[in-house]
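See below for the structure under consideration.
The values are calculated or read from the model by the stated rules, or taken from the named source; none is laboratory data. Just so it is clear, the model here is predicted, and its values are computed rather than measured. In this analysis, Cβ positions are derived from the backbone assuming ideal geometry, glycine residues included, and neighbour counts consider all displayed protein chains.
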Amino acid sequence: MTNKLRVAIIGARGIGKHHAKWYALCGCEVVAFVGVSRERLNETAGALRRLFGFDGRAYTDCVEMLRNERPEAVSICTPHSLHYEHTMLALSYGAHVMCEKPVVWDEKLSHNELLLMARRMAEEAKARNLLLAVNTQYAAFAERLREFFADLRGEWSTPKSFEMHMEAKSIGRDETGLGLWMDLSAHPISVLLRLFPTHELDESSFDVLEINGCIRVRFKLRCYSVDTEPIECQLTLRRIGEGESIQRFVRLNGLIVTISGRDDERGIYRSCLTSFGTERIYEDFMHTSIRKFVEAIKGVGEPLCTADEGIKNLEWQLKISRLIFGVDAL
């Protein structure tokens, strides 16, 4: 492997362009991307040039790109229903893979089929001695939240209650139903999994508070191996229109922490946590996810979210979706 990791993006128009930006900032060479049509390739290439000076090649065919460029790592940022196909293809060409969340999703398939596909992806990567990571970057937020909480309260202690509110811009996706849940819920679930690794969902505790214009659910997490009080959880997810301000915050035992972001003096986007006038600035969560993936490829540490963690996240997404929408069964 050369010192400068060769990276490609499959699906660089949306979130993929941010993957590409962070790879470049981490010292990688973004050699190519794959788009859906010739008409959009120039537009995407121009956006990447403005972001970080991209000078690689653009393709509409994944096989052609993989065969010609032989990237050492690939980010899969295509629609959810294509994650399995594109991940398996990239692995077959010997590339380490960073897959966007959820690791797999297709509403036409059963939950058992989806989990089987996700496990096959993990097994294929392991068999080829390649890394498969999942970009549930809010796992990095969980680590920062733990530090911030301890900074304000003296030490971290498991809270009795946890609430998280997340919003995202409407971009032609399902704004109220199952699609919204599968698109956004991986983020708060990644926080819960990282903060409370010994806890499990109490499926008997679910209460759907709202599902019109947003999704709001309440449930408990229990640590079944230790006799402790359950954690009362509430998640709220919604889409907003253009021009509206995005609100993202968590509440732990009454402590509200707001999540935002802005460029620093060097023009690098950073994450900001704020609570009652106290602010802390951290590396952007996706920056952390990409950086740890690159370091893991080079033999330093592990990805922020491994394939196994991505599958666990998917399991929780599917379990909760069944309880909210009454669809399928695990």
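Before moving on, here are some points about what is shown:
- Residues being surrounded by 24 or more Cβ atoms within 10 Å (Cβ to Cβ) and either part of a loop (DSSP other than H, G, I, E, B) or without any contact (Cβ under 8 Å) to a residue 60 or more places away in the chain (or both) - total across region 103-119: 3
- Which listed residue, of 49, 70, is surrounded by fewer than 18 Cβ atoms within 10 Å (Cβ to Cβ) and within 21 Å of residue 298 (Cα to Cα): 70
- For region 22-75, taking the residues that are in a strand (DSSP E or B) and either over 18 Å from residue 99 (Cα atoms) or touching a residue at least 40 places away in the same chain (Cβ under 8 Å) (or both), the one that is nearest to the chain's Cα centre (by Cα) is identified as 75.
- Of everything listed in (1) outside any loop (DSSP other than H, G, I, E, B); (2) at pLDDT below 95; (3) not charged (D, E, K, R), the single unmet condition for residue 176 is (1).
- Residue within region 248-271 that is closer than 19 Å to residue 141 by Cβ, in contact with a helix residue (DSSP H, G or I) (Cβ under 8 Å, 6 or more places away or on another chain) and among the basic types (Lys, Arg) present: no
- In region 19-30, the condition of being at pLDDT below 95, loosely packed, with under 14 Cβ neighbours inside 10 Å and not polar (S, T, N, Q) is met by no residue.
- Tally of residues being farther than 16 Å from residue 200 by Cα, of a type in the set (A, V, I, L, M) and either touching a residue at least 40 places away in the same chain (Cβ under 8 Å) or part of a helix (DSSP H, G or I) (or both) across region 283-330: 10
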